[in-house]
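Worksheet: one structure, shown below.
All of the numbers you see were taken from the coordinates with simple rules; none came from a lab. No experiment lies behind these values; they were computed from the predicted model shown. Glycine gets a Cβ as well: all are built from the backbone with ideal geometry, and neighbour counts include every protein chain shown.
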Amino acid sequence: MVNVLELLSSKIVEEANRIGIKTLTEIQSLAIPVILSGENTLIVAPTGEGKTEAAILPVFDMFLKCKMKGLTLQGVNILYITPLRALNRDIFRRLVEVGSRLGISVNVRHGDTPNQLRKIQAETPPQMLITTPETLQAILAGKKMRNNLKGVRWVIIDEIHELLSDKRGVQLSLGLERLRKICNFDFQRIGLSATIGDENVAGSFLAGKGRKFRVVKVESFKDVEFTVESPQPTKKDYDDSLSLMVPAETLARVRRILKLLESYRSTLIFTNTREHAESLSLKIRMLNPNLNFATHHGSISRDVRVDVEQKLKSGELKAVVCTSSLELGVDIGFIDYVIQYQSPKQALKLLQRVGRSSHVVGGKPKGCIIASWLDDILEAAVLCKRAVKGIFEKSLIHFEALDVLAHQLIGLVLDNAGEISVNEAYKIIVNAYPYINLDFKVFLDVIEQLKLEGLIKTYNGKLKIASAQAYKYYFENLSMIPEVKHYLVVDFLSRKRVGSLDQEFVARHGRPGNLFILHGLVWRILRVDEEKNIVEVEEAEPNPAAIPSWEGETIPVEFDVALEVGFLRRKLAEEVRVVGNSSFKILDDYPLTFDAKVKVVDEIRRNVKEGFPIPSDKLIVIEPFENYIIIHACFGDKVNRTLSIILASLLTSKIGLEVAFQSSPYHVAL
């Protein structure tokens, strides 16, 4: 059997030993030979398996061997792309010293990079540049940096699974094809991914049209521990409920979290939205004001987030309540345990989050879900079972996004000194996986729209820049993340930045004296400066009446998951109708605690006893409630959302009044 380390140069092996790699992990042993062979490679492995080193070691090795052969390597040769600035900084911190010892200059560039450093990079480019998809768009169109990118031989895309299903990924795929045109040869593409539902789709996305790729993967955690809990309220919970103005059931869940924290040195508590993170943090602080914990999500100021990450890594914090902001591979040190507050909605989310615990090679990830009501408990149980069996949600590529296409067409013209032939532009576009089936007529229609906007013009079969507006349009739309106006939140006394609030929240609740929750603390609004977009605040006492600052995006529950929840409802109801209770046998394949099972069966039994039909995978129940019609249907978020839109539209046109609607994975409300 080949010793993989022997394939690497002595300098690389020595450096690997220096950073603690004495023996290679399974994924490193599998990936390094494939990358050294020059193949486009998708590396799929759980967090903590050393994916970054599996890509970097062979790439650094090939770079050094090129230099030893006397090959001319000018400008940027290695491009490392991550979806988050925080991950940029983390990768830079890990690799800058390694690169320095090997004689490879490493630098980082993103939206926060100072102008002075950008100028230095343009004049003296690093041999390895770490960046984001949006910053790649900016430098592709810049004359000096574009010239510096001509020597790119290796492109590494970290956390590629985060980019597959949105327009950021579509934009990146076209950006890579533009880079391919600038380089005039095929660079090697390497993607790093956590466990995903469809490796072949991800590999095709990475490589582009007609290019071969290899998928190198190790199985998901072979030994992972999940449990689903739903604690019953105690007498104390009911007694405290009145004075704290918090439901007894919620107090029971928070007290269970506090009890779990006693058993571990450091714990991550994941929530699905920023609203839930802030609300849960407040309740934890109400029950244990002395607990040394923090809150972390995308709308808390960068300085506070970085401080939380550093304190967590150094062991200063007992716990952090967070959203997906800590789901990706940012180095936060050793985490003993992960608590997911309420169902994570997706098996992939669950595995990624619990995988943050015991984040070391060979470690056993451990975590639990603290679930709330019947559907939440059953949904969490179904997701645990699917995660253990390796049944994951598939990535849905956003094919032929025309707004992204329009933006990238302007970019292509800018890349090529202000003009490019229509046919050549089309060939470049259809090499990107999301556009492999783009109809030429649709392509021409987009060009016509850009001509009507006065951004480009055509002459003798070529696209040309029509006006200075084209530059403005391109650089003002580098990001595919929807832009929302934010107000900076500033502590009036310390003048420190606390975080940000979006425009809609300030418009609805931004009156002096109002209380809101941010960073797990309650703040009182003192003044809103509309001109400078600043909200001045002071810290207030914990108050359950304070308003959480965000709703956040809902994570969609898949059709198959909702259907299995309906199946469990039906089987439990059938057993209750026959014997008056349940033996729990149908739940044996699911990691539910006894209390959680009892809560589920009690709820089913109560509904059966009162004669209510139980909505299931085979039964849709429709009932009136005040001014609403409730349709109970176990079809998941996307199906129910579609149903609600269709039904609301039909009813609106029929009765002549606007019919509002809401939907969830298990209901449609009209």
Exercise. Output the relative contact order of region 519-670, whole-number percent, from Cα pairs under 8 angstrom with separation of 6+ residues.
Key: 21
Quiz item: Can you give the Kirkwood hydrodynamic radius of the chain from its Cα pairs, in Å with one decimal?
Solution: 27.5
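Are there any GluC sites (Glu not before Pro) in region 368-475 that are in a DSSP loop and have at most 15 other Cβ atoms within 10 Å? List them by number. List each step's numbers first, then the result.
Values: sites: Glu379, Glu393, Glu400, Glu419, Glu424, Glu448, Glu453; in loops: Glu393, Glu400, Glu453.
Answer in residue order: Glu453.
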Exercise. Count charges around Phe635 for me, please; just the other residues with Cβ under 11 Å from its Cβ, Lys/Arg as +1, Asp/Glu as -1.
Key: -2
Quiz item: What's the exposure ranking of Arg569, Arg94, Arg508, going from fewest to most Cβ atoms within 10 Å?
Solution: Arg508, Arg94, Arg569
Practice problem: Holding the Cα-Cα limit at 25 Å, pick out from Lys51/Lys150; Lys235/Lys597; Lys167/Lys283; Lys22/Lys385; Lys318/Lys597; Lys313/Lys364 the pairs that are longer than that. | Solution: Lys51/Lys150; Lys167/Lys283; Lys22/Lys385; Lys318/Lys597
Quiz item: Lys/Arg Cβ at +1, Asp/Glu Cβ at -1, dipole of the chain taken about the Cα centre: which of Ser664, Leu84, Thr458 is farthest positive-ward?
Solution: Thr458
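Just rank His276, His398, fewest to most, by other beta-carbon atoms within 10 angstrom.
The most exposed by this proxy come first: His398, His276.
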Quiz item: Which whole-Hz couplings ³J(HN,Hα) result when phi for each residue of region 5-22 is put into the Karplus expression 6.51 cos²θ - 1.76 cosθ + 1.60, θ = phi - 60°, listed in order with x for Gly and Pro?
Solution: 4, 5, 6, 9, 5, 4, 4, 5, 4, 4, 5, 4, 4, 5, 8, x, 9, 8
Quiz item: Which of the pairs Lys585/Lys609; Lys11/Lys67; Lys427/Lys464 have their Cα atoms more than 19 Å apart in this structure?
Solution: Lys585/Lys609
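When the dipole is taken about the Cα centre of region 340-412, and only Lys, Arg (+1) and Asp, Glu (-1) are charged at their Cβ, what size is it in debye, to the nearest 20?
Roughly 540 debye, rounded to the nearest 20.
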Quiz item: If you take the charge dipole of the chain about its Cα centre, with +1 on Lys and Arg Cβ and -1 on Asp and Glu Cβ, which of Thr642, Thr273, Val354 is farthest toward its positive end?
Solution: Val354
Practice problem: Please report Cys183, Cys384 as a ranked list, fewest other C-beta atoms within 10 angstrom at the top and most at the bottom. | Solution: Cys183, Cys384
Self-check item: Structure-based [θ]222 nm, the chain - -39500 (n - 2.57) summed over DSSP H runs of at least 4, per residue, nearest 500
Solution: -13500 deg cm²/dmol
Quiz item: Mind checking Rg over Rh on region 97-175, alpha carbons, Kirkwood formula for Rh?
Solution: 0.97
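Using Cα pairs under 8 angstrom and six or more residues apart, how large is the relative contact order of the chain, in percent? Intermediate values should be presented prior to the final figure.
Details: 1249 pairs, mean separation 84.3, N = 670.
It comes to 13 percent, rounded to a whole number.
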